[in-house]
1. If you take the square roots of the eigenvalues of the alpha-carbon gyration tensor of region 150-241 and sort them as a ≥ b ≥ c, do you get rounded (a/c under 1.5), prolate (a/b over b/c) or oblate?
2. Once each part is reduced to its C-alpha centroid, what is the distance from region 93-120 to region 5-32 in angstrom?
3. Rounded to the nearest 5, what % of the DSSP beta bridges within the chain are antiparallel ones?
4. For the chain, what is the calculated [θ] at 222 nm in deg cm²/dmol (nearest 500), taking -39500 (n - 2.57) for each run of four or more DSSP H residues and dividing by its residue count?
5. Highest mean first, what order results for 117-128, 152-163 on Cβ atoms within 10 Å?
6. Taking a ≥ b ≥ c as the square roots of the Cα gyration tensor eigenvalues, with a/c under 1.5 meaning rounded and otherwise prolate when a/b beats b/c, else oblate, which class fits region 57-97?
7. Could you tell me whether the chain comes out rounded, prolate or oblate from its Cα gyration tensor? Rule is a ≥ b ≥ c as square roots of the eigenvalues, rounded for a/c under 1.5, then prolate if a/b exceeds b/c, otherwise oblate.
8. Residues of region 222-250 with the amide nitrogen closer than 14 Å to a label point 7 Å from the Cα of residue 27, along Cα-to-Cβ, please.
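The numbers here are math on the coordinates, done by the rules we state, and not lab data. Note that this is a predicted model, so its numbers are computed, not measured. Because the Cβ atoms are built from the backbone with ideal geometry, glycine has one as well, and the counts that use them run over all protein chains shown.
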């Protein structure tokens, strides 16, 4: 069975004082059925891993360089993230793809570097509102998956997150039928490329304006194994509500 995953993306938010929210989250949810992950600013990963290393939560980065080291001022490599205590890294987030012109080939190289460093790569895919309205969603998702996922992907080193760009931070959410269509399609393509064993073991997350009030409905959709949560992951009460909904959702087979 695929273990459910509640992943938070703090983006460019948070200082050491904000780790108290993590303490509150763990106090309120000391033994979750789902895996908990927070992808923090790089400045907080080591401190979080040291403070909460024996608690049921993991920490990840929000991006990494494709190279392991070199003259790349300001960048951070996958081995550096692992050394700081990260176990995961988000790659290909729409904010990176659009704001930094990151293409599939680059995301794939970063994912390969992350996997080589022992990190789980959370690769994001998703369409713009224009693509959705033009009915290009599945074609776009297919291209992003084909171009961004390395051939060495397994259920242990890959998580795939569907984040419709038009739903991130807008309060808009796709219909449950739209979410189901994309998640079923991603599962089908994974099985076709990697075989049933690997294809069924990769966890598929939904992200885009997930909050406690809509989480249960989203998690009832087949092939939704959890969520990649943005703003709602910054507060223990909000992220905890999403986690509780995920814990109560039906289990998915592997």
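1. Verdict is prolate for region 150-241.
2. A separation of 24 Å, based on Cα centres.
3. 5
4. Calculated mean residue ellipticity at 222 nm is -12500 deg cm²/dmol.
5. Numbers: 117-128: 23.3, 152-163: 20.4.
The peptides rank, most packed first, as 117-128, 152-163.
6. Numbers: a/c = 2.52, a/b = 1.10, b/c = 2.29.
It comes out oblate by the Cα gyration axes.
7. rounded
8. Counting backbone N atoms under 14 Å from the label point, the list is 236-237.
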